[in-house]
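To start, the structure under review is shown below, and the notes come after it.
The values are calculated or read from the model by the stated rules, or taken from the named source; none is laboratory data. Keep in mind it's a predicted model, so treat the numbers as computed, not measured. Because the Cβ atoms are built from the backbone with ideal geometry, glycine has one as well, and the counts that use them run over all protein chains shown. Accessible surface areas use protein heavy atoms only, side chains included; no ligands, DNA or RNA. Shrake-Rupley method; radii C 1.70, N 1.55, O 1.52, S 1.80 Å.
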Amino acid sequence: MASLAHNLSAICYSPLASRPTLIHSHKQRRTSIVCSSVAISSAQNKDRIKLKELFQDAYERCRTAPMEGVSFTFENFTDALEKYDFDAEVGTKVKGTIFDTDAGGAYVDITAKSTAYLPLQEACIHRIKHVHEAGIVSGVREEFVIIGEIEADDSLILSLKSIQYDLCWERCRQLQAEDVVVKGKIVGANKGGLVAAVEGLKGFVPFSQISAKSTEEELLEKDLPLKFVEVDVEQSRLILSHRKAAADSHGQLGIGSVVTGTVQSLKPYGAFIDIGGMSGLLHVSQISHDRITDIETALQPGDILKVMILSHDRERGRVSLSTKKLEPTPGDMIRNPKLVFEKAEEMAQTFRQRIAQAEAMARADMLRFQPESGLTLSGDGILGPFTSDLPAEGLNLSEVPSAEDS
């Protein structure tokens, strides 16, 4: 027995005993790891059980008392929806934000219960191939007008073009009220006149309101100065005048002044004369004191001549001309037109003086019934400091006789 104890003691203290000691140490460490794993697994199971209990409790509360502890009730939700509800009738204007686009148009958020759609053809008053060309991209906020509804999903159809057209009509009304001249591009023609694009709209220019005597083909795609004659939104009618614009650009032509013009065309009743882009009528009775039965014997298209302004109707864009008043002797326009043109300014000055004297005599006659005015007629036939009371459109002097007629 003592021998066995001695042998065991030798094993424990000899160098060869280190290996059994290491084996014993590994066993202890493994036992410790297993114990730790068991403890972690137990903690996880407890968490799972607790989480399961929470879910079961939440399920029971949702099933038995879904609104318990919730301050935002279903009634509150309905009221909130009503705040964002709006009249979806056709013609109603709404504001919305673009949130997506495709080849056919754009999707718009108008805070409604369903998405609204802006078709390509309703995105702009001009023809475009994609809404991006009209600046319609995600994030853009605009005002739209409802033009329809898709019954399949209750989504609304919107339009920007209608809004833009309203702005164009309003702009045209303002320009008409201000009586300003605008530029219009001739884009078409029909049997009654020309079609011009103005301020995003298409207006009609009757042939009677076109001052230039160019052909339809020559005016197509050209820009013309125009004035508004009629702006009728209800009838969608826009009438324009080139005559009025041309008259405005020339200002008020002085009655009795001499201008140089070119014969544009001949009619049985007279000749149309281009006087710097504006057309005036030289009536056959105002060509010469001599009777003219065939106007082509006196004038030809392309002839350059001097004419005197008889009247200028700015409202109607009409100018009346005369060479008859410029004849030194009756018939000179037929026999010696060169002499008429050489003495045109001199004859026009004489004509204006006679008109001034006639006005002064008319005023003197009026003063006979108003002696308290204190005005007297001078020796030159001028009543006080001469001031013209001519109306804005000027006087029609076609019937004033020449010196030879008196």
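Applying the selection to segment 295-317, what residues are over 25 Å from Gln349 (Cβ atoms) and either open to solvent by 70 Å² or more (accessible area, probe 1.4 Å) or of a type in the set (A, V, I, L, M) (or both)?
Step one: filter segment 295-317 for residues over 25 Å from Gln349 (Cβ atoms), giving 295-297, 300-302, 315-317.
Matches in segment 295-317: Ile295, Glu296, Thr297, Gln300, Pro301, Glu315, Arg316.
Select from segment 145-204 the residues that are assigned to a helix (DSSP H, G or I), out of contact with any strand residue (DSSP E or B) (no Cβ under 8 Å at 6 or more places or on another chain) and open to solvent by less than 70 Å² (accessible area, probe 1.4 Å) and list them in ascending order.
Step one: list which residues in segment 145-204 are assigned to a helix (DSSP H, G or I), which gives 161-178.
Filter again for out of contact with any strand residue (DSSP E or B) (no Cβ under 8 Å at 6 or more places or on another chain), leaving 161, 164, 166-167, 170-171, 174, 177-178.
Matches in segment 145-204: Lys161, Gln164.
For the structure I just gave you, tell me whether Val205 is more than 23 Å from Met278 (Cα to Cα), touching a helix residue (DSSP H, G or I) at 6+ places or on another chain (Cβ under 7 Å) and modelled with pLDDT of 90 or more.
Details: more than 23 Å from Met278 (Cα to Cα): no; touching a helix residue (DSSP H, G or I) at 6+ places or on another chain (Cβ under 7 Å): yes; modelled with pLDDT of 90 or more: yes.
It is false that Val205 is more than 23 Å from Met278 (Cα to Cα), touching a helix residue (DSSP H, G or I) at 6+ places or on another chain (Cβ under 7 Å) and modelled with pLDDT of 90 or more.
Are any residues in segment 254-294 open to solvent by 50 Å² or more (accessible area, probe 1.4 Å), closer than 23 Å to Asn336 by Cβ and small (Gly, Ala, Ser), and if so, which ones?
Ser285
Can you tell me which residue among Gly384, Gly374 is open to solvent by less than 70 Å² (accessible area, probe 1.4 Å), modelled with pLDDT under 50 and farther than 15 Å from Gly254 by Cβ?
On the way: Gly374 fails: modelled with pLDDT under 50.
Testing whether each residue is open to solvent by less than 70 Å² (accessible area, probe 1.4 Å), modelled with pLDDT under 50 and farther than 15 Å from Gly254 by Cβ leaves just Gly384.
Just to be sure before I move on: is Ser114 open to solvent by 70 Å² or more (accessible area, probe 1.4 Å), in contact (Cβ under 8 Å) with a residue 12 or more places away in the chain and either farther than 26 Å from Gly203 by Cα or not in a helix (DSSP H, G or I) (or both) in the structure I sent?
So Ser114 fails the test.
Is there any pair linking a residue in segment 308-334 that is closer than 17 Å to Thr262 by Cα and at pLDDT 90 or above to one that is basic (Lys, Arg) and in a loop (DSSP other than H, G, I, E, B), with Cβ under 7 Å and at least six apart or on different chains, and which?
The qualifying pairs do not exist here.
Within segment 274-295, can you find the residues that are within 44 Å of the chain's Cα centre (by Cα) and of a type in the set (Asp, Glu)? First the steps, then the outcome.
Going through segment 274-295, the residues within 44 Å of the chain's Cα centre (by Cα) turn out to be 274-283.
Listed by number, the list holds a single entry, Asp274.
Scanning for something more than 23 Å from Ala197 (Cβ to Cβ) and either of a type in the set (S, T, N, Q) or open to solvent by less than 30 Å² (accessible area, probe 1.4 Å) (or both), does segment 126-141 turn up at least one residue?
To start, the set of residues in segment 126-141 that are more than 23 Å from Ala197 (Cβ to Cβ) comprises 132, 137-141.
Still in the running and either of a type in the set (S, T, N, Q) or open to solvent by less than 30 Å² (accessible area, probe 1.4 Å) (or both): 138.
Yes: segment 126-141 contains one or more residues that are more than 23 Å from Ala197 (Cβ to Cβ) and either of a type in the set (S, T, N, Q) or open to solvent by less than 30 Å² (accessible area, probe 1.4 Å) (or both).
Considering (1) open to solvent by 40 Å² or more (accessible area, probe 1.4 Å); (2) part of a helix (DSSP H, G or I); (3) not polar (S, T, N, Q), say which one Ala356 fails and leave the rest.
Going through (1) open to solvent by 40 Å² or more (accessible area, probe 1.4 Å); (2) part of a helix (DSSP H, G or I); (3) not polar (S, T, N, Q) one by one, Ala356 breaks only (1).
Pairs under 8 Å by beta carbon, first residue touching a residue at least 40 places away in the same chain (Cβ under 8 Å) and closer than 15 Å to Pro301 by Cβ in segment 265-287, partner charged (D, E, K, R) and open to solvent by less than 30 Å² (accessible area, probe 1.4 Å), six or more apart or different chains?
From residues that are touching a residue at least 40 places away in the same chain (Cβ under 8 Å) and closer than 15 Å to Pro301 by Cβ, the pairs are Ser279/Arg243.
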